[in-house]
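A short worksheet on the structure shown next.
Here, each number is a calculation from the coordinates, and none is a lab measurement. Worth saying up front: this structure is predicted, and the values here are computed from it rather than measured. Cβ placement follows ideal geometry from the backbone for every residue including glycine, while neighbour counts extend to all protein chains displayed.
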Protein chains: 2
Amino acid sequence: MTIANETKRVTAALLIIGNEILSGRTVDANLPYLAAFLGKIGIRLMEVRVVPDIEAEIVDAVNTLRHKMDYVFTTGGIGPTHDDITAAAVAKAFERELIRHPEAERRLIAFYPPERRTEARMKMAETPEGAELIDNPVSVAPGFIVENVHVMAGVPKIMQAMLDMLKPRLIGGAVVQSRTLVVFAGEGDMAAALGQIQGRFAELDIGSYPFFRMDKPGTSIVIRGDDMARIDAAFAELEAYCASKGVETREELSLA
Amino acid sequence: MTIANETKRVTAALLIIGNEILSGRTVDANLPYLAAFLGKIGIRLMEVRVVPDIEAEIVDAVNTLRHKMDYVFTTGGIGPTHDDITAAAVAKAFERELIRHPEAERRLIAFYPPERRTEARMKMAETPEGAELIDNPVSVAPGFIVENVHVMAGVPKIMQAMLDMLKPRLIGGAVVQSRTLVVFAGEGDMAAALGQIQGRFAELDIGSYPFFRMDKPGTSIVIRGDDMARIDAAFAELEAYCASKGVETREELSLA
């Protein structure tokens, strides 16, 4: 059994592959889902890239991100058509042969009756040599893992199912804790105090997100960090500041 | 007056700056909007990156993307708080001084009455030396341009207004045309024919996007390119193929 290292910062990148995202035709839903999923198990999404279905672009992004992050997740480009080139690109990035994975082939043969077992569908059994499969309980065709790169489908329902399959293998570090104070004042009126509190709590990450609610300006202030006691202390300072200025506040259930 | 070059391919990247996107707290809405906006004027979004509020990450991404693309657009990090570091990072990327832009300062002073004219709000007048302003008709604090890098707000309403202000300055090339055929067959059943048509129309980009509608599998096939006559020819081949196989089809109004 693997134990999460509760003090280490574990990082991840998401590489979204597909012309349809860059053209605006498809709105990506995987980024926020993956961010929240990883956050809960102590893995921090630190970078996202979206690249087109161009092999050299995918190879470059995979090679940059896998050396920079603990985990890389990719979505998209593992279907049966000519524009599904992720497996070939990942093989190239790792300088491995692209092979037909025997177990993936077996699963596809078991699932598709002969008349639906097209050559194109069997292409979905291709992985870089030595890859491990990621189970796909939705539509059989698996994802795969090479070293720290996790190749998943782009269809959100399938991607989410693959993440569930992967979960026991992902080893997180310190889980980011947070508290959110909603403040009924403009961001510019809060900025000086926030900067001072941030200065006193350098290990925390204090973010401020302005909003308008019924034409009243407000700011959501999110205090994130590894240590809940420090977060509580910064939160108390923030509340005290608002009280001293007569600014209305409300704590919000904080999700991220 | 500038005239679009109707044969050149003009490219762009979007750099989304902000921890709130990477934590999943805020779902980005600027990518699909920008993609569609640029597509209509003949600028192709070719890459997107999301980076945290860390100066070195922003500097690296700006410098990579500005040399790779005709246009770079950034969103986020130009507000009044300590975590708004985009202007400073862009100045560093271009090795320019960060200055208080006189015209930006004038606008902020005119807008904010003295009691609301905080030092933090005046920080929103900072730009790299020699930057040109992007007007902000929503909330005054401007974006700015340095060479091919266009720095905009992250709040979608403001970002969209800034894009409208920028529009007369953006010089596109060939506008991507497209037609979409919805096919009531699985992607794997269409893949071989699609690959063959793609092979005969190498200058086009044929994408296929599977869906389920009332439990029936289908595939949206989008044919994109610069030349409508070639798109029509490929579309006709696709329709003929479907008719020969008795596959139900329907043309869909194609937006991207």
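List of remarks:
- Those trypsin sites (Lys or Arg not before Pro) in the stretch B:117-186 that DSSP places in a loop and that have at most 16 other beta carbons within 10 Å: B:117
- Rg to Rh quotient for the stretch B:215-256, alpha carbon positions, Kirkwood Rh: 0.99
- Counting Lys and Arg as +1 and Asp and Glu as -1 over every other residue whose Cβ lies under 12 Å from the Cβ of residue A:224, the net charge comes to -3.
- At R0 = 56 Å, FRET efficiency that the Cβ-Cβ distance of residue B:132 and residue A:103 yields, to 0.05: 0.45
- Cα-based reach from residue B:68 at 19 Å (exclusive), listing lysines while leaving out same-chain residues under 8 positions away: B:8, B:92
- Furthest towards positive pole of dipole, B:17, A:21, A:89, structure part the protein assembly as shown, Cβ charges: A:21
- Helix A:187-200 and the long axis of chain A differ in direction by around 80°, with both axes built from C-alpha atoms.
- From largest to smallest, the equivalent ellipsoid semi-axes obtained for the stretch A:107-233 from the alpha-carbon gyration tensor read 48, 19, 11 Å.
- Averaging 1/r across all pairs of distinct Cα atoms in the protein assembly as shown and inverting the result yields a Kirkwood radius of 24.6 Å.
- Expected 222 nm ellipticity per residue - DSSP helices of 4 or more, -39500 (n - 2.57), all of chain A, to 500: -11000 deg cm²/dmol
- Among the chymotrypsin sites (Phe, Trp or Tyr not before Pro) in the stretch B:148-247, those placed in a DSSP loop whose Cβ has at most 16 other Cβ atoms within 10 Å are B:184.
- Under DSSP loop assignment and at most 15 Cβ neighbours within 10 Å, longest GluC sites (Glu not before Pro)-free interval of chain A: A:7-94
- Grouping the Cα pair distances of the stretch B:177-252 into 5 Å bins from zero gives a pair-distance distribution of 3, 17, 31, 27, 15, 5, 2, 0 percent in increasing distance order.
- Whole-angstrom gap from the stretch A:94-151 to the stretch B:101-129, using each part's C-alpha centre: 57
- Over all projection directions, the Cα-based convex hull of chain B averages an area of 16.8 nm².
- Radius, Kirkwood style, for the stretch A:165-214 when every pair of distinct Cα atoms is counted (Å): 13.9
- Neighbour counts of other Cβ atoms within 10 Å put A:43, B:206, A:171 in the fewest-to-most order A:171, B:206, A:43.
- Span from the the stretch A:1-74 Cα centroid across to the the stretch A:190-233 one, whole angstrom: 26
- The alpha carbons of the stretch A:103-171 give a radius of gyration and a Dmax of 12.2, 42 Å, in that order.
- Grouping the Cα pair distances of the stretch B:73-123 into 10 Å bins from zero gives a pair-distance distribution of 23, 50, 25, 2 percent in increasing distance order.
- For the stretch B:40-134, the alpha carbon positions stretch 44, 31, 21 Å along the principal axes, listed from largest to smallest.
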